[in-house]
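The values are calculated or read from the model by the stated rules, or taken from the named source; none is laboratory data. Just so you know, these numbers come straight off a predicted model, no measurement behind them. Cβ coordinates were reconstructed from backbone atoms using ideal geometry, including for glycine residues, and neighbour counts include every protein chain displayed.
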Amino acid sequence: MKRRMTWFALGSMAAAIALAGLISPFASTFPDGLERVAAAKGFIEKGEGDPAWKWMPIPDYALPGIKNGSLAAASAGIIGTLAAFVCGYGLARVLKRKRTHRLEE
Amino acid sequence: MHIPDGFVSGPVNAAGYLVSAGVVGLALAKANKSLEDHQVPLLGVTAAFVFAAQMVNFPVAAGTSGHFLGALLAAVLLGPLNACLVMAIVLTVQCLLFADGGLTALGVNVFNMGIIGGVLAYMLFAAFRRLVPKTTWWFLFSAGVAAWFSVVAGSVACAVELAFSGTVPMRIALPAMAGVHALIGVGEAMITAVTLSAVLASRPDLVQAWPGPAAVTVHAEAEV
């Protein structure tokens, strides 16, 4: 059972990394629904001020320092996918472990 | 649908943070009590998949694109409150690492995509599911309908927040946002159904809502 879950997780992560690393550089660059409405209805400039959080390492899904646009997007995507996994798995493990401890006490 | 800083007013952002923090807190408490062993890696994998799939914008119409949301998919896989956790994680990573969605608007973004997409749309899924035959096809169809609803309802909430903020009048924002997202929702429905059918074909035991809400109730009773 445990081994099957590991294989499922590895397979799904491979699919997610393929999406982020191989497919996302070919994603549509058209504005999304909200951006489109904001531009058409004349309030897009309200969102163009300085962001409240200024320490983002990878603005606009392009890893800084990589000249090739597709490669920059692919690396940004893979980093983000791994970060989301680490946060989700880490949080779930902490929540789960705390309960086990409580049951043991 | 990620709202940047500046689109939504202070009071609306504060309300968004308040409601989202409450629901995420509830979700953390629930997960702490009832998260199962197999759901620990599944929560991480779902967050990773939702993040990756959100990067792939697809064109919908006339120079507009949309992307997958994933909240309803996460809710069917893990339950509605765990879906809120997944969406809160994805939105926080996007905001802090990639400047996608403003930090001041993180509360309303979690509300629009995590709570409406994960909890409200899941309620529609569960209600719909009771009305249709208990087959795989109808299961996927119910998920597709709820996935479409999650995107449209999220965009309506976004329009209401913009209007309450004085950014754009309701009569302009509402039809524009709902109209575009009715198209994006079709993509959401298809991606949700295809992904769920792949998981059902390989590991149906991982899908919390399978075979139906009835089984979930029995399961919840068994846990008590």
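A few comments on the model shown:
- Some residue of the range B:119-127 being closer than 20 Å to B:Val76 by Cβ and either free of Cβ contacts under 8 Å to residues at least 24 places away in the same chain or over 13 Å from the mean Cα position of the chain (by Cα) (or both): yes
- Residues in the range B:74-102 that are facing chain A (nearest Cβ under 9 Å), under 23 Å from B:Trp148 (Cα atoms) and crowded, with 24+ Cβ neighbours inside 10 Å: 5 in all.
- Qualifying residues in the range B:8-45 (those that are touching a Phe, Trp or Tyr at 6+ places or on another chain (Cβ under 7 Å) and within 22 Å of A:Ala38 (Cα to Cα)) - the one surrounded by the fewest Cβ atoms within 10 Å (Cβ to Cβ): B:Val12
- Single residue of the range A:52-75 satisfying the filter (touching a helix residue (DSSP H, G or I) at 6+ places or on another chain (Cβ under 6 Å) and more than 7 Å from every other protein chain (Cβ to nearest Cβ)) that is farthest from B:Met1 (Cα to Cα): A:Ile66
- Those residues of the range B:46-70 which are part of a loop (DSSP other than H, G, I, E, B), more than 7 Å from chain A (Cβ to nearest Cβ) and surrounded by fewer than 23 Cβ atoms within 10 Å (Cβ to Cβ), in sequence order: B:Ala62
- Within the range A:32-84, the set of residues being in contact with a strand residue (DSSP E or B) (Cβ under 8 Å, 6 or more places away or on another chain) and not basic (Lys, Arg) comprises A:Asp32, A:Gly33.
- Restricting the range A:19-51 to residues that are within 15 Å of the chain's Cα centre (by Cα) and at the interface with another protein chain (Cβ under 8 Å from one of its Cβ atoms), the residue that is surrounded by the most Cβ atoms within 10 Å (Cβ to Cβ) is A:Ala20.
- Qualifying residue in the range B:10-32 (condition: within 30 Å of B:Phe164 (Cβ to Cβ) and assigned to a loop (DSSP other than H, G, I, E, B)): no
- Hey, B:Ala105 within 21 Å of B:Met1 (Cα to Cα), free of Cβ contacts under 8 Å to residues at least 24 places away in the same chain and facing chain A (nearest Cβ under 10 Å) or not: no
- Yes/no for A:Leu19 being of a type outside the set (Lys, Arg), more than 17 Å from B:Ala53 (Cα to Cα) and modelled with pLDDT of 95 or more: no
- Residue satisfying all of: in the range B:130-160; touching a His at 6+ places or on another chain (Cβ under 7 Å) and buried (at least 23 other Cβ atoms within 10 Å of the Cβ); nearest to B:Ala178 (Cα to Cα) among these: B:Ser155
- Residue that is nearest to the other protein chains (Cβ to nearest Cβ) [pool: residues in the range B:26-41 that are within 15 Å of B:Gly118 (Cβ to Cβ) and either free of Cβ contacts under 8 Å to residues at least 12 places away in the same chain or among the hydrophobic types (A, V, I, L, M, F, W, C) (or both)]: B:Ala31
- With respect to being facing another protein chain (nearest Cβ under 8 Å) and closer than 28 Å to B:His181 by Cα, A:Ala16 fits the description.
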